[in-house]
1. Let me spell it out: the conditions are (1) within 11 Å of chain A (Cβ to nearest Cβ); (2) out of contact with any Ser or Thr (no Cβ under 8 Å at 6 or more places or on another chain); (3) open to solvent by 50 Å² or more (accessible area, probe 1.4 Å); (4) not charged (D, E, K, R), and B:Leu4 meets all of them except one. Which number is the exception?
2. Looking only at region B:51-90, count how many residues are surrounded by 15 or more Cβ atoms within 10 Å (Cβ to Cβ) and closer than 14 Å to B:Arg8 by Cα.
3. So, in region A:82-118, exactly how many residues are more than 12 Å from chain B (Cβ to nearest Cβ), loosely packed, with under 13 Cβ neighbours inside 10 Å and out of contact with any strand residue (DSSP E or B) (no Cβ under 9 Å at 6 or more places or on another chain)?
4. Can you give me the number of residues within region B:72-105 that are modelled with pLDDT of 80 or more and over 19 Å from the mean Cα position of the chain (by Cα)?
5. Within 11 Å of chain A (Cβ to nearest Cβ), without any contact (Cβ under 8 Å) to a residue 60 or more places away in the chain and open to solvent by 60 Å² or more (accessible area, probe 1.4 Å): does that describe B:Asn39?
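The values are calculated or read from the model by the stated rules, or taken from the named source; none is laboratory data. None of the values given here were measured: they were computed from a predicted structure. Glycine gets a Cβ as well: all are built from the backbone with ideal geometry, and neighbour counts include every protein chain shown. Just the protein is used for accessible areas: all its heavy atoms, side chains included, with ligands, DNA and RNA removed. Shrake-Rupley method; radii C 1.70, N 1.55, O 1.52, S 1.80 Å.
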Amino acid sequence: MFRTAALTAARVARPAVASAVRVAGVARPAGAFVAAVPKVAAFQAVRFYSAGGHLKKEEVFSRIAQVLSGFDKVNDPKNITETAHFANDLGLDSLDTVEVVMAIEEEFSIEIPDKDADQIHSVDKAVEYILSQPDAN
Amino acid sequence: MSALQAYRHLMRAARVAFDGDARTLTAAYESISRGFRENQNLPANDPTIAPAIAHAEEVASFLRSNVVQGRKEGESYKLRIHQDTERGDNDTIKLGNQSIKIGEEHKCCSA
């Protein structure tokens with residue numbers, strides 16, 4: 001019950017927060033606070049459940065690239081591109097591909113059903129799939 | 001049932017069974033991976049493949065429903081029973097080989 005109440009409160013509060021952020025963004029004179037940019041980036045690194053909106057394609061790619069670069073069987077981190085194929089470009093075998101897809105699942109907090117997971121053989125397919133999932137975050 | 005699916009099921013089951021226990025989880029991942037890689041060069045028509053995959057699936061369902069984590073709190077252990085854990089009682093044990101989960105139609109006792 002508390003959880004429901006908290007969620008409702010968060011949902012009610014969300015528009016207010018969003019508009020406050022937007023107002024702050026508009027009010028800031030262009031280029032006046034260059035040093036403030038990293039702060040904004042740090043803020044966005046924390047993802048709130050209440051933070052609506054969709055994932056950006058670039059963000060999805062960079063997070064998948066990060067997952068891949070942490071995977072020691074990738075032949076060369078330089079080969080991780082937006083269209084890289086897991087087997088042909090990154091030198092992963094089919095078992096590795098399963099592991100990568102599972103790591104991607106974990107990164108975006110979703111569970112990919114078997115039939116879809118079997119179709120994901122490249123970075124662009126993975127990005128496309130994540131973007132099509134409203135639950136991914 | 002393909003080997004890759006069995007591999008995925010097994011990895012998922014390990015993640016459910018050993019959630020939050022990084023050491024055991026890593027060991028499980030390694031062991032699963034080693035087991036599959038030992039057989040990865042078998043020819044496609046090898047007769048040992050089907051039983052090996054069936055074995056993997058059985059291990060996966062065992063990990064999911066019959067392994068429960070416990071943490072010692074004082075004198076007793078606190079168990080983390082999750083939604084896939086098989087739960088039976090003295091009556092259901094007579095029913096034989098059925099998987100018993102909560103939330104299913106089968107209610108025990110005086111219900």
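1. Failing condition for B:Leu4: (2).
2. 8
3. From region A:82-118, those more than 12 Å from chain B (Cβ to nearest Cβ) are A:82-92, A:104, A:107-110; that's our starting set.
Those left that are additionally loosely packed, with under 13 Cβ neighbours inside 10 Å: A:83, A:88, A:109.
Subset that is out of contact with any strand residue (DSSP E or B) (no Cβ under 9 Å at 6 or more places or on another chain): A:109.
Of the residues in that region, 1 qualify.
4. The number of residues fulfilling the criteria is 7.
5. Details: within 11 Å of chain A (Cβ to nearest Cβ): yes; without any contact (Cβ under 8 Å) to a residue 60 or more places away in the chain: yes; open to solvent by 60 Å² or more (accessible area, probe 1.4 Å): yes.
Yes.
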